[in-house]
Amino acid sequence: MVRAEAPHLRQAVVVLVLSYLMPAFSVLKRVASARDDVSFSAVKAEGLVAVAPVLAKDLAPALGTNWATGDLSLSAVLSVRFPGRCRLDLMVSDSTKSLAVAWSNGRRRTEGPELLAAAVALEQLCATLALKSGTEGESRGALERHLAANKIDVRQVSLARFSGQVAYVLGDRRPGASSFWVYKERFLPARVELADASGRWDVRFIDYTSQATGEGLPRVVEVYRDGELHLRMTLLSADGRPSLDGVKF
C-alpha cells in the first residue's frame, strides 16, 4: 500500500515545491545579495544596438549618417561603476557625431541627440543590476525605492514564464500595470514593465549565460514601447577590470 501511494506522494511534493511563492521581501533580498556578491566594482561592455525604423528616420540625420530602411545599427559601449553609475555611448562608423546617456544615482543626463528608448534601458539596467554594498539591506533598499518610484506594487507576487524560464513577478499582472520580473533560478532581473508620460515601456534582460558578457550582465537588452520593439542591444564582450577614470557618469 505504501509503495502504491509513493508516486502520488512524490508528485504532490513536486507540485508544492513548484507552486511555492517566495515573499517579495525575500525575492528582493536575494536579488540584492546576488549583486552584492559580484566580484568586480566596475565593468565595461561593448556591442551593437539596433534602433527600429520608427526612430531611425529621425536619429540617423541627427547623427550625420545615411539611412534608408530597416534597423539603424550603432556601436555601443556600456560603462558601469558600482553602485548606481552607468553610461551608454552610441555611435556610427561614418560620422564623428554620437550620443550618450548617463545615469548616476537616480539622475539622468543626455549628450547629443535624445534616444528615449536607450535612456529607459540604461535607467532600468542601472537601477536593478548596478547594485553593490557592504552594508546589510542597503542594496535591497535602493531596489525597493526604485520599484516604488515606478509604481510597482511588490505586495503582489506570482510566477510566470519568461524567455523559457520560470520567473517571479512582483506587481500587478493585468495589462497596463507595472511589474518587476526576476529569474527564479539565479535571482537576476528579467523584465521591467512600467508607464510614464511617453507611453508603456517593457525592458527585457535576456541570456545571462554568455561567457562574452561575464558575470551578471545580460547578453541582450530589448526595449518595447506600447508593444513595439524600439531598441535591441547585444553585448559582445565585457571587461571586469576596466579603467573608467575618463568616463563622465
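The values are calculated or read from the model by the stated rules, or taken from the named source; none is laboratory data. These numbers were taken from a predicted model, which means no experiment stands behind them. Virtual Cβ from ideal backbone geometry, glycine too; neighbours counted across all protein chains shown. Note: accessible area is taken over every heavy atom of the protein model, side chains too, but ligands, DNA and RNA are not part of it. Shrake-Rupley method; radii C 1.70, N 1.55, O 1.52, S 1.80 Å.
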* Asked: With axes computed from alpha carbons, what is the tilt in degrees of helix 116-129 against the longest principal axis of the chain, rounded to the nearest 10 within 0 to 90?
  -> 40
* **Paramagnetic label zone (point 7 Å from Cα along Cα-to-C-beta, L21; backbone N under 11 Å) in the range 168-197** => 169-173
* Structure fact -> For S198 and E114, extending 7 Å from Cα along the Cα-Cβ vector and measuring point to point gives, in nm, a value of 0.7
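Counting only protein heavy atoms and a 1.4 Å probe, tell me what percentage of the chain's accessible area is made up of carbon and sulfur.
On the way: 6510 of 12700 Å².
C and S fraction of accessible area: 51 percent.
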* Dimensions of the range 37-136 along principal axes (Cα, Å, largest first)? -> 52, 21, 21
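Considering every Cα-Cα pair within the range 111-180, what fraction, in whole percent, is farther apart than 14 Å? Please report the intermediate quantities before stating the final value.
Values: 1670 of 2415 pairs.
Tail of the P(r) past 14 Å holds 69 percent of the pairs.
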* To do: Return, ordered by residue number, the residues of the range 135-176 whose backbone nitrogen is under 17 Å from a label point located 7 Å along Cα→Cβ of D37.
  => 135-140
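Solvent-accessible area per residue for the chain at a 1.4 Å probe radius, Å²? Please list the in-between numbers first.
Values: 12700 Å² over 249 residues.
Value for the chain: 51 Å² per residue.
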* With 23 Å as the limit, write out which pairs from K29/K151; K44/K132; K29/K248; K44/K151 have Cα-Cα distances beyond it, or answer none. => K29/K248; K44/K151
* Asked: Which of S237, A130, F249 sits farthest toward the positive end of the charge dipole of the chain, with +1 on the Cβ of Lys and Arg and -1 on the Cβ of Asp and Glu?
  -> A130
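Dipole of the chain, Cα-centred, from +1 at each Lys and Arg C-beta and -1 at each Asp and Glu C-beta, to the nearest 20 debye? Can you show the working numbers first?
Values: 32 positive and 27 negative charges, 114 e Å.
Dipole size: approximately 540 debye.
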* To do: Compute the acute angle (0 to 90°) between the alpha-carbon long axis of helix 138-149 and the principal axis of greatest extent of the alpha-carbon atoms of the chain; round to the nearest 10°.
  => 80
* Would you list the P(r) distribution for the chain, with all Cα-Cα distances sorted into 5 Å bins from 0 and each bin expressed as a whole %? => 1, 6, 13, 17, 18, 15, 11, 7, 4, 3, 2, 1, 1, 0, 0, 0
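Looking at the range 131-249 from every direction and averaging, what is the projected area of its Cα convex hull in nm²? Could the numbers behind the result be given before it?
On the way: hull surface 36.5 nm².
Over every viewing direction, the Cα hull of the range 131-249 projects on average to 9.1 nm².
Looking at the square roots a ≥ b ≥ c of the eigenvalues of the Cα gyration tensor of the range 46-100, which shape do they give, rounded for a/c under 1.5, prolate if a/b is larger than b/c, or oblate? Mind showing how you got there, number by number?
Details: a/c = 2.55, a/b = 2.05, b/c = 1.24.
Prolate.
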